[in-house]
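Asker: Got a structure here, written out as structure tokens. Questions coming.
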Amino acid sequence: MTGSARGIGAATVQWLREEGHHPIGLDLDDADIIADLATPGGRAAALKAVGERSEGKLHGVIACAGLAGADTAAMVGVNYFGTIALLEGVRELLAAAEAPRAVAVSSSSIILGHDEDLVEACLAGDETHALHLAAKEPRLVYASTKVALSRWVRRHAIRPEWAGAGILLNAVAPGTVLTRITRPILATEEGRAMLAEATPIAVDRYAEAEDIAPLLSFLSGPDNRYIVGQTIFADGGKDAIRRGDRLP
């Protein structure tokens, strides 16, 4: 579990433990493995530590680490390249298990505006060019990296080395979740109005991190028997409100 120290990651680690699993947490601090997925060196160190702690076998992986509102280089590094490096790097560990599963945490922001050139640079694996493009248009970096991540999942999940090897790969797209970032926004009338416009919901409250954990647990476990290549929205109705009955 990457991003295990706080937010959705921490809530999911707790959920998994209560279900009797033994998650390995990875984060910048307060985790089993301390590593920075924003850098190639940090990614290599993370994968080495995961291999050692897992003893050659992983039953599931949840790539939850992500940044919003940070510097553009960190967002590109963690949200896309670090996440992909982690998923690809543990694939052989997953293949050694029975009924292995993998989940990436995307975002419901993928239905909003994004920078197509940045998305394509990410999917091409050109981190240098992606960093250059991100610096030019910071406002769209978060959504663009998450669009690239969901497209990567869709492209790769159906391949022989993933679904063909019995590894079911999917993504989850949370909507607004109450965290240390969003709570201050919702504390003001202006912030509440802004979120109501940008992320409308059909239910009576925004999500807590604990509301996303059961879905991540399901998708990363053997009870998920046939879902492949999907980005599943857990957004309180935002996608349906914004896009109506149009199917992706």
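The values are calculated or read from the model by the stated rules, or taken from the named source; none is laboratory data. Just so you know, these numbers come straight off a predicted model, no measurement behind them. Neighbour counts are summed over all protein chains in view; Cβ atoms, including those assigned to glycine, are modelled from backbone coordinates with ideal geometry. Areas reflect the complete protein model, heavy atoms only, side chains present, ligands, DNA and RNA absent. Shrake-Rupley method; radii C 1.70, N 1.55, O 1.52, S 1.80 Å.
Asker: Any idea which residue in segment 131-174 is surrounded by the fewest Cβ atoms within 10 Å (Cβ to Cβ), counting only those that are of a type in the set (A, V, I, L, M, F, W, C) and more than 23 Å from residue 103 (Cβ to Cβ)?
Answerer: Going residue by residue through segment 131-174, those that are of a type in the set (A, V, I, L, M, F, W, C) are 131, 133-135, 140-141, 143, 147-149, 152-153, 157-158, 162-163, 165, 167-169, 171-173.
From the residues that got through so far, the ones that are more than 23 Å from residue 103 (Cβ to Cβ) too are 131, 133-135, 140.
Values: 131: 18, 133: 22, 134: 26, 135: 13, 140: 21.
Result: 135.
Asker: Determine whether residue 103 is at pLDDT 95 or above, under 24 Å from residue 46 (Cβ atoms) and of a type in the set (Val, Ile, Thr). First the steps, then the outcome.
Answerer: Details: at pLDDT 95 or above: yes; under 24 Å from residue 46 (Cβ atoms): yes; of a type in the set (Val, Ile, Thr): yes.
For residue 103, the condition - at pLDDT 95 or above, under 24 Å from residue 46 (Cβ atoms) and of a type in the set (Val, Ile, Thr) - is met.
Rundown of residues vs (1) in a loop (DSSP other than H, G, I, E, B); (2) of a type in the set (S, T, N, Q); (3) modelled with pLDDT of 95 or more; (4) touching a Ser or Thr at 6+ places or on another chain (Cβ under 7 Å), yes/no style:
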residue	(1), (2), (3), (4)
133	no, no, yes, no
148	no, no, yes, no
153	no, no, yes, yes
161	yes, no, yes, no
170	no, yes, yes, no
173	no, no, yes, yes
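Asker: Of all residues being closer than 22 Å to residue 23 by Cα and assigned to a loop (DSSP other than H, G, I, E, B) in segment 214-226, which is most open to solvent (accessible area, probe 1.4 Å)? Just the residue, please.
Answerer: At the first step, the residues of segment 214-226 found to be closer than 22 Å to residue 23 by Cα are 214-225.
This time we only want the ones that are assigned to a loop (DSSP other than H, G, I, E, B), so: 220-225.
Values: 220: 19, 221: 12, 222: 82, 223: 110, 224: 0, 225: 182 Å².
This residue is 225.
Per-residue answers, yes or no, for (1) on the phi > 0 side of the Ramachandran plot; (2) part of a loop (DSSP other than H, G, I, E, B); (3) more than 14 Å from the chain's Cα centre (by Cα):
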position: 9; (1), (2), (3): no, no, no
position: 20; (1), (2), (3): yes, yes, yes
position: 52; (1), (2), (3): no, no, yes
position: 58; (1), (2), (3): no, yes, yes
position: 75; (1), (2), (3): no, no, no
position: 82; (1), (2), (3): no, no, no
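Asker: Can you confirm whether segment 92-103 contains a residue that is in contact (Cβ under 8 Å) with a residue 40 or more places away in the chain, in contact with a His (Cβ under 6 Å, 6 or more places away or on another chain) and surrounded by fewer than 24 Cβ atoms within 10 Å (Cβ to Cβ)?
Answerer: So far as segment 92-103 goes, yes, one or more of its residues are in contact (Cβ under 8 Å) with a residue 40 or more places away in the chain, in contact with a His (Cβ under 6 Å, 6 or more places away or on another chain) and surrounded by fewer than 24 Cβ atoms within 10 Å (Cβ to Cβ).
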